[in-house]
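S.K.: Just dropping this structure here.
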Amino acid sequence: MALTVVGNVAAVTQLIEQATGLIRKIIRAVETARQNTLECERLARRVSTVHWVLSSLRDDPEMVPPLAELNNTLQEAHQLVLNCQKRSIADGFFGARRHADSFRDVNARIMFDINVLSLRLLTCTVNHTAAVPTTATVPPPASPQTHMVSSISDHYPRTFTWAEIAVATSNFAHELGRGGSPKVYKGRLHGGPEVAVKVMDKQGRHGLEDAFVPELVIVFRLRHSHILHLVGWCADEDDRMFVYEHMCNGTLRDRLQRAGGGSSSSAATAPWMTRVAVLLGASRAIHYLHCGAQPVVIHRNVSSSNILLDMNWTPRLSGFGAAVYQAAGEERGGQVVEEVVGTPGYIDPEYNRTKRVSTGSDVYSFGVVMLEALTGEDPATQQVDSWLLAIRNGKLEDVLDRRPSLDRRLPQMEALQIVADTAVRCLSRMDRPAMSKVVANLEEALQMIRSHEPMSMARWSLIRRRTSEK
C-alpha cells in the first residue's frame, strides 16, 4: 500500500509538470496561429487560468485521475492550435464552423476538468484541516450527530452529505424568498444556528459543475465581516448545494420596496443613518474584493437583492455565482468574458456593450444601489437618468424617499448629498472612483449624520470637491 501511495505522489508531480509544459506550448503556438485566431486566443486565456489551480495542488493520490484527464484535454487543445498554424486559407474558410465547434468543445472540457480538480482540492483541504484543527478557525472533529456547531463565523467551511442537509431543512420544507432558480431553503444545524441552503439546478454533469465550482472556489477563500459566510457545501453524487449563514432580515431590496410589506417595514422607515450604514458596510465588502482578496475578485452582480441584512441590520454581500477572478495584466482595460451577466438596471453599460468587465463595473452597480437607497425606487423602472439629472441640478430632495424622516435642522441633507454625489461619480462613463474613495465618502456621510452638528461652509466645499475626484 505504501509503495502505491509513493508511486501516486510521484505521478501527481509528474502530471503537474506535464500540464504546465503543455500550457506553455499552447500559449506559444497561439502566437503564430494563422487560422481561427480568435478561438486560439480564447483558448490561451482559458489555459492561463489553470496555473493557479496547479500551483495549489498537493501530492495527493486522489488528484491523479482528474490530472490525467486534464493532460489529455490539454494535449488535444495543443494539437488544435498546431493545426491552425498549418491550415490553408481555403480549409480555414470551409471548415470554420467545424473548427470553431472543436475549440468550444475543448474549452468546455478544460473548464470541466479544472472544476473537478478544484472540487477535489477543496474537499481534501477541508478534510486535512479537520483532521488537524487549529485553535482559531477550525472546529474539532465530531460525529455526524454533533459536528454542527453553534457559531458560524469563526469556523472553516466543511462538506455536508445530502442526508445531513435534508435533516437540517426538514426535507427542504421552507423555501426562502419568492422562488426562483436556484432555490434557497431555510434550515437549522443540529443544536446550532439557522442557515440558508442554496440548491443548484441539475442541468447535466458539465453544466452543474460549471455553475457550482467557480462560486465555491471564490467564496471558500473570502473572509470579511460584510461578506456572507460560507458554512459548507454538498457535492453528494449529483447533488450540489451551498450552506450559507441565514440573514433573518432578508435583502436590502425587499426592505426598500413599496409593494407588499415594504412600505411599512422598519427598514423602509428607519432613520437615514441606517441606510447609510448599510451602504457603508456593503461598500467595504466590495472594496475587500477589489483590494484585499487575492486574486482580485470582480463580483459582476452587485445589487440590492444581493445585500442581505442580519438581525442588527448589518449587511452581508452575497450572490457570487457570476463572480470572476481578475485576469493578470487586464486591470485597466477590463477582461473579455463570454457573456454579460447581472441584474437588469444595475449592469454597467460599458460592460454590456464591450463584454469587458472590470472592478469599475462593480463600482457602477454599487452606484445604482446607492441611488436606490436614496430614492426607495426600483432602478429597473428606467428612472436612473432622471434621478441623476435632479442631483446634478441641486434638487436631491425632489427624488429622496419620503418614508424616512428628514430633519433639515440637522446635517442629514448634507450627508445625503455626499452619498448622492458619490453615486453620480460611480455612474459616470469615465473616471469612476475606486471603491476606496466610495468607502471614505460614505464614512464621512455616516459620521456627519451621527454627529448632529452642521458643517462649516469650508468643510462642505472640501467634501464636495472630494466627491468629484477619482
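The values are calculated or read from the model by the stated rules, or taken from the named source; none is laboratory data. Source: prediction; values computed, not measured. Here the Cβ positions follow ideal geometry from the backbone for every residue, glycine too, while neighbour counts run over all protein chains shown.
S.K.: Being under 11 Å from residue 243 (Cβ atoms) and in a strand (DSSP E or B) is the filter here; which residues of segment 158-187 pass it?
M.R.: Filtering segment 158-187 down to residues under 11 Å from residue 243 (Cβ atoms) leaves 158-160, 164-165, 168-169, 184-185, 187.
Result: 158, 159, 184, 185, 187.
For every residue, the table says whether it meets (1) surrounded by fewer than 19 Cβ atoms within 10 Å (Cβ to Cβ); (2) acidic (Asp, Glu); (3) outside any helix (DSSP H, G or I); (4) modelled with pLDDT of 80 or more.
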site: 8; (1), (2), (3), (4): yes, no, no, no
site: 21; (1), (2), (3), (4): yes, no, no, yes
site: 29; (1), (2), (3), (4): no, no, no, yes
site: 40; (1), (2), (3), (4): no, no, no, yes
site: 55; (1), (2), (3), (4): yes, no, no, no
site: 59; (1), (2), (3), (4): yes, yes, yes, no
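S.K.: While we're here: Got at least one residue in segment 136-152 being surrounded by fewer than 16 Cβ atoms within 10 Å (Cβ to Cβ) and at pLDDT 65 or above?
M.R.: no
S.K.: Condition (residue is closer than 23 Å to residue 288 by Cβ, assigned to a helix (DSSP H, G or I) and touching a residue at least 12 places away in the same chain (Cβ under 8 Å)) applied to segment 395-418: is it met by at least one residue? I'd like the intermediate steps shown before the answer.
M.R.: Taking segment 395-418 first, the residues closer than 23 Å to residue 288 by Cβ are 418.
Narrowing the set further to residues that are assigned to a helix (DSSP H, G or I) leaves 418.
Filter once more, so that each one left must be touching a residue at least 12 places away in the same chain (Cβ under 8 Å): 418.
Yes, there is a match, as at least one residue in segment 395-418 is closer than 23 Å to residue 288 by Cβ, assigned to a helix (DSSP H, G or I) and touching a residue at least 12 places away in the same chain (Cβ under 8 Å).
S.K.: Same structure, new question: Tally up the residues in segment 421-470 that are among the β-branched types (Val, Ile, Thr) and at pLDDT 95 or above, please.
M.R.: Looking only at that region, the number is 4.
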